[in-house]
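Participant: Can you read through this structure? Questions will come right after.
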Amino acid sequence: MKRICCIGAGYVGGPTMAVLAKHCPEYRIEVVDTNSERIAAWKTDDLPIYEPGLLDIVKQVRGRNLFFYEDVEGHIDEADIIFVSVNTPTKTFGHGAGRAADVQFCEQTARMIAKCSTKPKIIVEKSTVPVRTAEAMEAILQANDKGVTFEIISSPEFLAEGTAIRDLEEPNRVLIGGRPTESGRRAIQEVLDIFAHWVPKERILTVDLWSSELAKLTANAFLAQRVSSVNAISALCERTGANITEVASAVGMDDRIGRKFLRASVGFGGSCFQKDILNLAYLCEYHGLPEVAAYWQQVVELNEWQKKRFVRTMLKALFNTLAGKRVAMLGFAFKPGTSDTRCSPAITIAKLLIDEHAELSITDPKALENARKDLPDARSCTFTPDPYEATRGAHAIALVTGWPEYSELDFERVFQDMEKPAFIFDGCDLLDHEALVKIGFHVFRVGAPPIVPS
Ligand code: UDX
Ligand code: ADP
């Protein structure tokens, strides 16, 4: 039986290995992580991450050919192939703080692999990394004193949270980047053979290492750029009386542009977009391309502005003071379908509201545990899974995550229990605005002028 070890049991490593185990029963797959709580949770039916469809697959393969361990070093040497799925957050300290990616976990992993290995291995970079991280990992790996050889492959993961299982089961492409040497080509083939178990061959793209790394950053930058573009126009719609949903659907019908990622919002969130663009901009600057860096940096700046703009709209509508007012935040995850709150626009919005001395009641079907951690010092916040409790006594509702269940709420009941005038700020264009106005709400939308009861 061939053995695969995956270092990092997070949003990428966990689902990816579960789907791989399902389709490749002849591989024994061991997922390791230094976070013992996370590993313990993977062994239960209360998984450490929420992802639709994931638990079903984990139940099929756990104990068959998928195993979880907290002892990282103990499972490295037996593996023929090691997937590295550790986190690469934006650096918070030193040179490049707030912009460059913090690759310390990648380096730690490379050192650990070098230390524990007595036989050759293929190392597959799954985490999104700055271009040429593979080169650094390779240098550390090859410097081992046992003469062990390693082949580095870059195969960035394109899954989106909330749809991870579908994205893994039916990826629109799998990218495998490697060295153009004889052993590099063999390693590419070996990784390709794994994915070919379920991915049609024409969707598996083999490229060079650096193109693979840069393709991931570029894909995320392009997607985020679309969101910032549509959010920029949303501000103009609010001023001119146009409606961003109508503008976006007209624009998206041009198949050179396409319909996806044209939904105006309170801003994009998630662990990748901001990090990858900052990283791309940093990389451009490093390589003496300040104009290119500034071009991409603006996508992030527009996104920050969009979040602030949402709070400014609230402040203005609520008679220029939020002090002591209760604001119900519907949603906290960075998008529906996930418990993840990393870089969620909700965090910035909550902090800005707290700065205005608003009292927040936060609700989310899956992300409350993370929300509590994101706002550790917020004494003026309460957290409840019940949206009716969150909105009771509120002056305003800020809908910041488009969970479909929020469109099913009994808004007559919500309205009865709120302070008047009752305001709704729909940051996700989710609700039936005309119906809300009929009930008596003052409705504010992203990308369209407000509508109020006559
Ligand atoms: C993204 C990429 O889609 C994925 O390919 C990559 O591997 C990781 O980064 P993810 O962050 O999970 O995935 O979510 P995504 O669906 O891309 O949404 C990112 C953010 O953009 C969310 O906050 C979402 O609400 C926002 N968004 C998305 C919009 O505001 N408008 C849109 O039209 C689409
Ligand atoms: P992603 O969204 O990229 O999967 P996560 O933060 O969800 O990011 O997961 C990354 C995981 O990698 C975390 O659970 C973290 O504990 C783990 N990790 C980081 N560094 C190491 C390391 N050196 N050895 C083992 N696991 C690590």
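Please treat every number below as a calculation from the coordinates, not as lab data. Computed from a predicted structure; not experimentally measured. Positions of Cβ are backbone-derived with ideal geometry, glycine not excepted, and every protein chain shown enters the neighbour counts.
Participant: Under a 5 Å amide H to amide H cut-off, with H placed in plane at 1.01 Å, what residues pair with VAL207 once short-range neighbours are removed?
Facilitator: ILE176, GLY177, GLY178
Participant: Could you list which residues have their amide H under 5 Å from that of PHE68, counting only those 5 or more apart in sequence or on another chain, with H placed in the peptide plane?
Facilitator: Residues meeting the amide H criterion: VAL31.
Participant: Give a residue-ordered list of calculated ³J(HN,Hα) values for the range 132-144 (Karplus: 6.51 cos²θ - 1.76 cosθ + 1.60, θ = phi - 60°; whole Hz; x for Gly, Pro).
Facilitator: These are the phi-based 3J(HN,Hα) values: 6, 5, 4, 5, 5, 5, 4, 4, 5, 5, 5, 7, 5 Hz.
Participant: How large is ³J(HN,Hα), in whole Hz, for each residue of the range 157-173 in order, when computed from phi with the Karplus curve 6.51 cos²θ - 1.76 cosθ + 1.60 and θ = phi - 60°, using x for Gly and Pro?
Facilitator: Karplus values, whole Hz, x for Gly and Pro: 8, 9, 5, 10, 5, x, 10, 4, 5, 4, 5, 6, 5, 10, x, 6, 6.
Participant: If each DSSP helix of 4+ residues adds -39,500 (n - 2.57) and the sum is divided by the residues in the chain, what number results at 222 nm, nearest 500 deg cm²/dmol?
Facilitator: Mean residue ellipticity, 222 nm, calculated: -13000 deg cm²/dmol.
Participant: Another question, if that's okay. For the Cα atoms of the chain, what angle does the longest principal axis make with the long axis of helix 345-355, in degrees from 0 to 90, nearest 10?
Facilitator: 50
Participant: With +1 assigned to the C-beta of every Lys and Arg and -1 to the C-beta of every Asp and Glu, and no other charges, what is the dipole magnitude of the chain about the Cα centre in debye, to the nearest 20?
Facilitator: Once rounded to the nearest 20, the dipole reads 460 debye.
Participant: Can you tell me the dipole magnitude for the range 399-441 around its Cα centre, using point charges on the Cβ only (Lys, Arg +1; Asp, Glu -1), in Debye to the nearest 20?
Facilitator: 180
Participant: Order of TRP198, TRP296 from fewest to most other C-beta atoms within 10 Å?
Facilitator: In increasing order of surrounding Cβ atoms, one gets TRP198, TRP296.
Participant: To the nearest 10 degrees, how steeply does helix 13-23 sit against the main Cα axis of the chain, on a 0 to 90 scale?
Facilitator: 60
Participant: For the charge dipole of the range 46-110, defined by +1 on Lys and Arg C-beta atoms and -1 on Asp and Glu C-beta atoms about the Cα centroid, which residue among PRO48, GLY74, GLN60 has the Cα displaced farthest towards the positive pole?
Facilitator: So the residue furthest toward the plus end is PRO48.
Participant: Right, next: What chymotrypsin sites (Phe, Trp or Tyr not before Pro) in the range 306-408 are in a loop by DSSP, with at most 15 other Cβ atoms within 10 Å of the Cβ? Don't jump to the answer; show the numbers that get you there.
Facilitator: Values: sites: PHE310, PHE319, PHE332, PHE334, PHE383, TYR388, TYR406; in loops: PHE319, PHE332, PHE334.
The qualifying sites are PHE319.
Participant: Using 10 Å bins from zero, what percent of all Cα-Cα pairs in the chain falls into each bin?
Facilitator: For the chain, the pair-distance distribution reads 4, 19, 28, 24, 16, 7, 2, 0.
Participant: Neighbouring Cβ atoms within 10 Å as the yardstick, rank GLU26, GLU151 fewest first.
Facilitator: The order, fewest Cβ neighbours first, is GLU26, GLU151.
Participant: Mind listing the phi-derived Karplus ³J(HN,Hα) values for the range 271-282, rounded to whole Hz, using 6.51, -1.76 and 1.60 with θ = phi - 60°, and x for any glycine or proline?
Facilitator: Here the 3J(HN,Hα) series is 7, 9, 4, 5, 4, 6, 6, 4, 5, 5, 5, 4 Hz.
Participant: Mind checking which of PRO376, THR218, ALA235 is farthest towards the positive end of the chain's charge dipole, using Cβ charges of +1 (Lys, Arg) and -1 (Asp, Glu) about the Cα centre?
Facilitator: Going by the Cα projections, it comes out as ALA235.
Participant: Something else now. Roughly how many debye, to the nearest 20, is the charge dipole of the range 241-454 about its Cα centre, given +1 on each Lys and Arg Cβ, -1 on each Asp and Glu Cβ, and no other charges?
Facilitator: For the range 241-454, the charge dipole is close to 300 debye.
Participant: Provide the gained length on full extension for the span ASP254 to GLU202, in nm with one decimal, where the gain is 0.36 nm per separating residue minus the Cα-Cα distance. Mind dumping the intermediate values first?
Facilitator: Details: separation 52, 0.36 × 52 = 18.72 nm, distance 2.63 nm.
Gain on extension, ASP254 to GLU202, equals 16.1 nm.
Participant: Stretch ASP77-GLN298 to full length: gain in nm at 0.36 nm per residue minus the Cα-Cα span? Working shown, then result.
Facilitator: Details: separation 221, 0.36 × 221 = 79.56 nm, distance 4.48 nm.
The span from ASP77 to GLN298 would gain 75.1 nm if fully extended.
Participant: Further question: 5 Å is the cut-off here: which amide hydrogens, built 1.01 Å from N in the peptide plane, fall below it relative to GLY393, excluding neighbours closer than 5 in sequence?
Facilitator: So GLY393 has HN proximity to MET418, GLU419.
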